[in-house]
Amino acid sequence: MTESKGKVMAREAKNSITISGLRKSYEQPSKAGSAYAIDDISFEVPQGQFVTLLGPSGCGKTTTLRCVAGLEQASEGRIEMGGEVMFDARTKQHVRPEDRPIAMVPQSYGIWPHMRVIDNAAFPLRHGRNRRKGPEVRQRALEMLEQVGLAAMADRWATQLSGGQQQRLALARALLGDPQVLLLDEPLSNLDAKLRAKLRQELRSFQERFGVAALYVTHDQSEALALSDTVIVMNQGRIEQIDRPERLYDHPRSSFVADFIGSANLFPVRDASSGPGGGVLTKTDIGPVLCARTGQGEEVRYHDGGFVCVRPEDVGVRTGGTGATPGDNEFAGVVESAEYLGDRLELVIRTGDVAVTASTRAGQNLRPGGEVVIRLDPASTSYLAS
Amino acid sequence: MELTSTKEDDAPAAGAGGRDAPTPERRPRTERRAAGTLVNLAMILLVGYLVLVPLAILLYSSLKASTTELPFEVPGFSLDNFRAVLSSSRLGEVTLNTAIYVVGSLIVALVLSVSLAYLFERTDIPGRSFLAPLALAPMAVPVTVMAIAWALVANPANGPLALLVRRVFGITVDVYSLPGMILVMGIFGVPSMYLMIAPAFARLNPELEEAAATVGAPLWRRLRLIVFPLITPAVSAAGMLLVVVALEGFAIPAILGLPKQIFVYSSFIQYSLQPPSGVANYGQASTYGVIVLALSLVMLMVYRRRVRDTHRFRVVVGKGYRPHRVSLGRWRIPLFLVVSAYMFVAIVLPIVALIWTSLSPYARPFSWSGLSSMTLESYRRVLSSSDIGEVLLNTGQVVLITATVTTAMSVWIAVAATRNRFRGSTMLFEATFLVFGIPSVVLGAAVLFLYLYLPVPIYGTVWIIIVALTTRFLPRGSRMVHTALLQLDDGLVEAARVTGASPMTVTRTILLPLLRPALWKCWLWVFAHALGELPIALLLTGADNRTLVVLLWDTFTSSVDYPEAGALAVIILAISTLAVWLVNRHSAEKQA
Ligand SMILES: Nc1ncnc2c1ncn2[C@@H]1O[C@H](COP(=O)(O)OP(=O)(O)OP(=O)(O)O)[C@@H](O)[C@H]1O
Ligand SMILES: [Mg+2]
C-alpha cells in the first residue's frame with residue numbers, strides 16, 4: 001500500500017478523480033448472484049475538465065455520482081481525489097462526504113427554503129470545509145451572486161426564485177465551497193427546453209472560469225455532446241465507451257453507443273473475415289459488406305457476430321432501374337417512405353428484408369415505390385464487434 | 001461475472017463497513033465520531049429501557065400468582081392468574097361490555113366522520129370554511145375534560161341536554177350508561193378519524209364519480225360502487241386506530257361507567273389496582289393488561305398492513321383536475337342545519353355547560369334567571385386552596401418536561417431510523433410501536449411496580465410520571481417526526497453534507513429548521529395529551545406529585561363538587577387552548 005502510494009500520487013497529480021473497479025449492489029451482500037447497480041466502473045476526471053456520465057434511465061449514473069460524493073458506499077473498487085484515497089473497499093477506507101473536496105448540485109437543487117438567498121450561498125463559507133468569519137463571508141457570497149446574476153435578490157427568500165434562478169443559486173453555493181470537483185446530477189432536467197439550452201452554456205462558462213473539474217450526469221445526449229470534454233456512455237451499470245463527443249459519433253465502439261448517440265443503421269453480422277486493405281468483410285442480411293473502420297482500440301475477433309454500422313447520412317442513394325447493376329457494397333432496394341425535412345430527405349429503403357434509413361440532399365426525385373441503389377462507402381462503414 | 005463471485009468475500013459489508021476507518025490526519029473527527037457513537041449507545045439503552053422494561057414487567061407480573069402481594073415479592077411463576085381470570089364470572093361481563101363499547105363507538109365515530117368528511121370535502125354544503133375547522137376543535141380538549149363536560153351536560157338530574165330531550169321527546173337520557181359511554185367515545189373519536197379520512201376524499205378524482213353519474217347511476221350507487229372502495233383503506237386504517245384508542249382509553253369508561261359499576265377492561269384494571277376496599281389485586285390487573293395488549297397488537301398489525309395498502313391507491317391522486325363538488329340541490333340547507341346542530345350539541349354545548357357549571361354556585365341546569373347569580377366563587381376556592389401552587393408547579397413540570405423530552409427523543413429515533421445511522425436503528429423505531437398497544441393504565445401499573453422494586457428514588461415525585469408519560473407518547477411522537485422526515489427531499493440534507501459541514505451542523509442548521517413545523521406539532525400534541533392523561537397520573541400519584549388532572553378527578557368523583565370540578569376543567573382547557581393558539585400563531589408567523 002505505502003510504497004505504491006507515491007507512484008499513485010505522481011501519476012494522478014493531473015487527475016481530480018480516479019475511479020477503478022467500482023461495483024455497487026443495493027441488495028444484501030450475502031445474496032448470491034446479486035445484480036449490480038454499477039458493475040466494474042473505471043474512469044478518470046482530469047483537472048479542469050468537464051466529464052459527463054451519459055446513459056439511459058436506470059443505468060447507474062446517479063449511483064456512480066453518489067459513490068463519488070461518498071453518499072453511498074460501493075461494494076468494491078477504489079476512488080481517489082487529487083491523489084488521496086477517498087474510498088477503498090479492500091482496506092475498508094471511506095472518507096465521509098463532508099471530508100471530500102467536492103461540491104454537489106443535486107437534481108432538485110437542494111435550495112433550503114427556510115433561508116434567504118444570501119444565506120443559502122454563504123452556507124459553505126459559514127459551516128463548510130473552509131470556514132471563514134466576519135464581513136468577508138457576506139462580501140464573498142455577494143460577489144459570487146453577482147457572477148451568477150442574483151445579487152439583486154440576495155435578501156429574498158430562496159423560495160421566491162424561479163427554477164432557473166434556483167439552479168444558478170445552487171451553482172453559486174457549490175462554487176463557494178471551493179471544490180476541486182463539481183458533481184452535478186441532471187441539474188437541467190426540470191427546466192423547459194429554451195432555458196435548458198441557455199443555462200447549459202452558462203454552466204460550461206462558469207466551470208471554465210473557475211477552473212474546476214466537473215462530473216455531470218445526464219440522459220440527454222445533446223446536452224452531453226454540447227457540454228463535455230469527455231463523455232462516458234453507460235449501459236446497465238457498465239461503461240460502454242469513454243471518448244470525446246465528436247469521436248463518439250464518428251467512432252462508436254459498440255452498437256449500443258451507435259444507437260444511443262444519434263441514429264444508426266445496424267445490420268447483424270453472421271460471419272466476418274479480414275477483407276482487402278485491412279478492412280473487415282462481413283456477411284449480413286443485405287449481403288456482403290466491406291467495412292474499412294472497426295471498433296476503436298479493440299482487436300477484431302472474427303466469426304463473432306457483431307454489427308455493421310452506418311449513419312443515415314453516410315448511405316449513398318441513386319436511382320436504380322433495369323440498367324443499373326449494383327457493384328461492391330451496393331445493394332438494390334425499393335423506397336418505402338420518403339419524408340421531406342426542408343434541407344434533406346429522410347428515406348426508408350427496403351432491401352431484401354431489411355429497412356435501411358438514409359438521409360440525402362433534397363432535390364433528387366425519389367418517391368415511395370421507386371427503385372434505387374444504395375451504396376455503403378467502406379470508409380464510413382464500421383464493423384462493431386458488440 | 002465469475003470474477004465478481006470470487007471477489008465477494010473481501011467486499012465490505014454494505015453500510016457501516018468502512019465508517020470508522022482511521023485517517024491519521026483527521027484525528028479530531030475520529031474523536032467526535034466516538035462521542036457520537038457513545039451518544040447513540042446511550043440513547044439506544046434509554047429507549048430500550050423506557051419501552052421494553054415495562055412490557056417485560058407486565059408479562060412478568062401476570063405470571064406471578066398472588067392476589068395481594070407486589071409481583072416482585074412472589075416466588076416462582078405460574079399461570080394461576082390466567083386461570084383465575086378466565087374462570088371468573090367477571091370476565092364474561094367485562095368482555096361483553098368492552099365489545100359493545102368498542103364496536104358501538106367505532107360505528108358512531110365511523111358514521112359521523114365519514115359523513116362529515118364527505119360533506120365537507122366533496123359537496124357544496126354551505127359554511128364548510130368554518131364548520132370543517134370546528135370539527136377538529138375537540139382535538140384541543142383533553143379527554144378527561146371532555147368526559148366530565150358530557151357528564152355535566154347530559155346527567156339525568158340537571159344536565160341541560162338531558163332535560164331538553166326529556167321535555168321535547170319525553171325520553172329519559174342517562175349519560176352514566178353504556179350507550180352514553182359509546183356516544184361520548186364516538187364523538188371523541190371523530191376529529192382524529194376525520195383527519196385521516198378527509199384527505200382520502202380530497203384526493204378522490206371527481207371525474208371518477210362524474211363518469212358514473214353520466215351513465216345515469218344514482219347517488220347511492222355512485223357512493224357504493226366508486227367512492228367507498230377508493231376510501232376503504234383510509235377508513236379502515238382510521239377504524240383500527242379508534243378500536244385501539246377505545247380499548248385502552250380510561251377517562252370515559254371511568255367517569256361515565258364507574259358510578260353505575262359498568263366495567264370495561266381498562267377501567268376494570270384500574271379498579272383492580274385501586275379498589276375502594278384498598279386491597280389491590282396486582283395479578284388480576286396484569287393479566288387483563290396482557291389480554292388488552294394482545295388485542296391491541298392484533299389491531300395494530302392489521303392497521304399497519306392497511307396503511308401500507310393505501311400507497312397502492314396512490315393512482316387516485318389526480319393532478320390538474322378542478323375540484324368540482326357534488327351539488328346537494330335542495331338538501332343543501334337541511335343538511336347544513338343538521339351538521340350545525342350536531343356541531344352545536346357535540347362540541348359547543350358540553351363546553352358551555354362546563355363554563356356554566358363552573359360559574360354557578362351549585363350544579364344546576366341552564367336558565368335565564370341563573371345568569372344573575374353567576375359567581376367566580378369556585379375559581380376562587382380552587383385557586384386559594386393550600387396546595388394549588390404545588391399542583392400547578394407539578395403540572396407545569398410534568399407537561400413541559402414530557403413534551404420537550406419526548407420531542408427530542410422522537411427526533412433522534414426518527415432521524416436515526418430514516419438515515420440508518422446505525423445497525424438496528426429501524427428496529428428501535430419499530431420497537432416503540434409496541435408501547436402504542438399498552439393501555440396507559442397498564443403502563444402506569446408496570447412503571448409503578450418497577451420503581452417500587454428498583455432502588456431509584458423517583459417514586460412519589462413528578463419524575464415517575466414524566467418517565468411513564470414519555471414512554472407512552474414516544475411512539476406517536478416519533479411517528480409524527482418520521483412522517484415529516486420522509487416527506488423531506490434528501491437533496492436538501494445532502495447538499496449541506498457535501499459542503500463539508502459536520503453532521504451536527506447539518507442537523508442544527510438544515511434538518512431541524514426544516515422539521516420545525518413537525519416538531520411544534522409533536523410538542524403540542526404531547527403537551528395537550530400529557531395535560532389530560534388521567535390513568536398514569538392517577539396510579540403514580542402520591543402526596544407530593546399531584547397534578548391538575550388528578551385534582552380534577554378527585555374533585556369530581558370524591559368530593560362531588562361540580563362547580564369546582566368545572567372550574568378545574570375550564571382551567572385545563574384554557575391552558576391547552578392557549579398552547580394550541582400560541583403554537584399556531586408562531587408557525588403562522590414563520591410562514592409569512
Ligand atoms: N436506493 C436504492 N435501492 C435499491 N436499488 C436502487 C436504489 N437506487 C438505485 N437503485 C437501482 O440501481 C440502478 C441504477 O440506478 P440509478 O439511480 O443510478 O440510475 P440512473 O442512471 O441515475 O437513472 P435516471 O436517469 O433514471 O436517474 C437502478 O436499477 C435502480 O433501480
Ligand atoms: Mg439519476
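Can you tell me the mean projection area, over all orientations, of the convex hull of chain A's alpha carbons? Units nm², please. Present the calculation step by step, with values, prior to reporting the outcome.
On the way: hull surface 98.1 nm².
It is 24.5 nm².
At a 1.4 Å probe, which residues in the stretch B:510-531 are at least 30 Å² less accessible with all protein chains present than in their chain isolated?
By number: B:510, B:514.
Over chain B, what percent of the accessible surface lies on carbon and sulfur atoms, probe 1.4 Å?
Numbers: 17880 of 26890 Å².
Here carbon and sulfur together make up 66 percent of the probe-accessible area.
Rounded to the nearest 5, what % of DSSP beta bridges with both residues in the protein assembly as shown are antiparallel?
Values: 64 of 85 bridges.
Around 75 percent of the beta bridges assigned by DSSP in the protein assembly as shown are antiparallel ones.
Farthest toward the dipole's positive end in the stretch A:264-386, which of A:307, A:355, A:372, given Cβ charges of +1 (Lys, Arg) and -1 (Asp, Glu) about the Cα centre?
A:372
How big is the antiparallel share of DSSP beta bridges in the stretch A:264-386, given as a percent to the nearest 5? Could the numbers behind the result be given before it?
Numbers: 41 of 43 bridges.
Once the DSSP bridges in the stretch A:264-386 are tallied, antiparallel ones form about 95 percent.
For residue B:260 and residue B:333 in one chain, what is 0.36 nm times their gap in residues minus the Cα-Cα distance, to one decimal in nm?
Working: separation 73, 0.36 × 73 = 26.28 nm, distance 4.08 nm.
This chain segment gains 22.2 nm when fully extended.
How much solvent-accessible surface does residue B:521 expose, in Å² to the nearest 10, with a 1.4 Å probe and all protein chains in place?
130
Ignoring ligands, DNA and RNA, what percent of the 1.4 Å accessible area of the stretch A:117-180 is carbon and sulfur? Write down the numbers at each step before the final one.
Numbers: 1240 of 2830 Å².
Answer for the stretch A:117-180 is 44 percent, counting heavy atoms of protein chains only.
What does the buried accessible surface come to for A and B, summed over both chains, with the probe at 1.4 Å? Round to 100 Å². Let's see the in-between values first.
On the way: alone 18600 and 28640 Å², together 43820 Å².
That pair of chains buries around 3400 Å² in total.
Please give the FRET efficiency for residue A:47 paired with residue A:259, using the beta carbon to beta carbon distance and R0 = 30 Å, rounded to the nearest 0.05.
Values: r = 33 Å, r/R0 = 1.09.
Plugging the Cβ-Cβ distance into 1/(1 + (r/R0)^6) gives 0.35.
Can you show me the helix-derived [θ] at 222 nm for chain A, built from DSSP H runs with n ≥ 4 at -39,500 (n - 2.57) apiece and divided by the number of residues, rounded to the nearest 500. Intermediate values should be presented prior to the final figure.
Working: 9 runs with 95 residues, N = 386.
Counting only the DSSP helices, I get -7500 deg cm²/dmol.
In Å, what is the Rg of the alpha-carbon atoms in the stretch A:264-386, and how long is Dmax?
Here Rg and the maximum Cα pair distance are 14.6, 43 Å.
Which entries in A:92/A:198; A:133/A:194; A:24/A:194; A:61/A:198 show an alpha-carbon gap greater than 32 Å? Mind showing how you got there, number by number?
Working: A:92/A:198 43 Å; A:133/A:194 40 Å; A:24/A:194 36 Å; A:61/A:198 24 Å.
Those over the limit are A:92/A:198; A:133/A:194; A:24/A:194.
In the stretch B:451-495, what residues drop by 10 Å² or more in accessible surface going from the chain by itself to the full protein assembly, probe 1.4 Å?
B:489, B:491, B:492, B:494, B:495
When the accessible area of the stretch A:264-386 is split by element with a 1.4 Å probe, what percent falls to carbon and sulfur?
On the way: 2930 of 6260 Å².
With neighbouring chains kept in place, the figure for the stretch A:264-386 is 47 percent.
So how many Å³ per residue does the convex hull of the Cα atoms of chain B work out to?
Working: hull volume 136.4 nm³, N = 592.
Normalising the Cα hull of chain B by residue number yields 230 Å³.
Starting from the stretch B:113-198, pick out the trypsin sites (Lys or Arg not before Pro) whose DSSP state is loop and whose Cβ has at most 14 other Cβ atoms within 10 Å. If you can, show how the numbers build up before the last one.
Working: sites: B:122, B:128, B:166, B:167; in loops: none.
When the trypsin sites (Lys or Arg not before Pro) of the stretch B:113-198 are filtered for loop state and at most 14 Cβ neighbours within 10 Å, nothing remains.
For the stretch B:345-407, just say rounded, prolate or oblate: build the C-alpha gyration tensor, square-root its eigenvalues into a ≥ b ≥ c, call rounded for a/c under 1.5, and beyond that prolate if a/b exceeds b/c, oblate if not.
Details: a/c = 5.13, a/b = 1.70, b/c = 3.01.
In terms of gyration-tensor shape, oblate.
How far apart, in nm, are two points set 7 Å out from the Cα along the Cα-to-Cβ line at residue B:374 and at residue A:40?
For the pair residue B:374/residue A:40, the computed spacing is 8.6 nm.
Could you tally the net charge around residue A:310, taking each other residue with its Cβ under 14 Å from the Cβ of residue A:310, Lys/Arg +1 and Asp/Glu -1?
Details: positive: A:293, A:311, A:375; negative: A:250, A:259, A:285, A:313, A:314, A:330, A:377.
Summing Lys and Arg as +1 and Asp and Glu as -1 gives -4.
Looking at chain B, identify the longest residue range that excludes and avoids all chymotrypsin sites (Phe, Trp or Tyr not before Pro) in DSSP loops having at most 13 other Cβ atoms within 10 Å. Please report the intermediate quantities before stating the final value.
On the way: sites that count: B:77, B:321, B:362, B:368.
No qualifying site falls inside B:78-320, the longest such stretch.
Averaged per residue, what accessible area in Å² does the protein assembly as shown show with a 1.4 Å probe, protein chains only? List each step's numbers first, then the result.
On the way: 43820 Å² over 978 residues.
I get 45 Å² per residue for this part.
Where does the protein assembly as shown land on the Kirkwood hydrodynamic radius, alpha-carbon pairs, in angstrom? Display every interim value, and only then the final one.
Values: mean 1/r = 0.0294 Å⁻¹.
Every distinct Cα pair counted, the radius reaches 34.0 Å.
With +1 on the Cβ of every Lys and Arg and -1 on the Cβ of every Asp and Glu, and nothing else charged, how large is the dipole of the stretch A:148-207 about its Cα centre, in debye rounded to the nearest 20? Can you show the working numbers first?
Working: 8 positive and 6 negative charges, 45 e Å.
Rounded to the nearest 20 debye, it is 220 debye.
The values are calculated or read from the model by the stated rules, or taken from the named source; none is laboratory data. Just so it is clear, the structure is predicted and the values come from calculations on it, not from any experiment. Methodologically, a virtual Cβ is constructed for each residue, glycine included, from the backbone with ideal geometry; neighbour enumeration extends over all protein chains shown. Note: areas computed on protein heavy atoms with side chains; ligands, DNA, RNA excluded. Shrake-Rupley method; radii C 1.70, N 1.55, O 1.52, S 1.80 Å.
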